[in-house]
Amino acid sequence: MLTIRAVRLIQSATVIAHDHLVSPEILDLAPASARRVYVGKQGGGFCSPQREIESLLITEALAGNDVVRLKGGDPFIFGRGGEEAEALAEAGIGFEVVPGVTAGLAAAAATLTPLTQRGVASAVVFLTGHEDPTKTEGAIRWEDFGRLGATLCVYMGMKNLETILRRLQAGGLSGDTPAAVIQNATTPRQTQFVSTAGRLALESERAGFGAPAIVIIGEAVRTPARLASLTAQAVERDLPVLS
């Protein structure tokens, strides 16, 4: 899922520094002469050091190359785009930030899950389930978010999902609150698992779900099933259904 601006820049790049979740189909948009440099980070696997990524961008730009830093989502939502922008600015290198489609929005829309909906959810919160491992204490007080009544969209949360859901419930979130894991969103491998806050961690693990995935928690998770029921009723009544 790309903006037209992103496509045009990829097509004119001489160097592309790309993340782990960027698909081959997107990389194929680049000229055959463009040099592709993998700088991905993968939970439980190889992770390119952040300082090395920033050094690469600076070095290639100073060499006169048209550099595209290609991220899997939006660069300013848990994408370290701010850190890389600061490094470029400190080096005196001009740059442009192109908005991307962040995973939380994409996963929700792809599964017909409205993150906000009148009478259901008036707010949405994006949270990371994987903070900087060098921190001595996590910055997220999960208990506080358990009583917001908002749709919670958790990135990179599968490894710590049991702890996250337990702490949300300790803060007041009902264990019966609908919750879903959406894995490989917007790709041909997309799949989802729907349960409740009290059961999602154990049941999704038993079902084989893991990263990359987005976890959505809140009443809005009920909407896809309701839409499917209404659509089925329309088909039975031979009403027109838009495609």
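The values are calculated or read from the model by the stated rules, or taken from the named source; none is laboratory data. Bear in mind the structure is a predicted one, so any value in this text is a computation, not a measurement. FYI the Cβ positions are ideal-geometry reconstructions off the backbone, even for glycines, and counts take in every protein chain you see.
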Within segment 187-223, how many residues are under 12 Å from residue 107 (Cβ atoms) and buried (at least 17 other Cβ atoms within 10 Å of the Cβ)? 7
Take segment 159-171 and flag every residue that is farther than 20 Å from residue 124 by Cβ and in a loop (DSSP other than H, G, I, E, B). 159, 160
The correct count of residues that are more than 13 Å from residue 39 (Cβ to Cβ) and of a type in the set (Gly, Ala, Ser) in segment 57-80 is 4
Examine segment 230-241 for a residue that is under 28 Å from residue 1 (Cα atoms), surrounded by fewer than 16 Cβ atoms within 10 Å (Cβ to Cβ) and either touching a helix residue (DSSP H, G or I) at 6+ places or on another chain (Cβ under 8 Å) or modelled with pLDDT of 90 or more (or both), and state whether such a residue exists. yes
Can you confirm whether residue 181 is crowded, with 18+ Cβ neighbours inside 10 Å, out of contact with any Asp or Glu (no Cβ under 7 Å at 6 or more places or on another chain) and either at positive phi or of a type outside the set (D, E, K, R) (or both)? yes
Look through segment 137-158, keep the residues that are in a helix (DSSP H, G or I) and of a type in the set (Phe, Trp, Tyr), and return whichever of them is farthest from residue 113 (Cα to Cα). 142
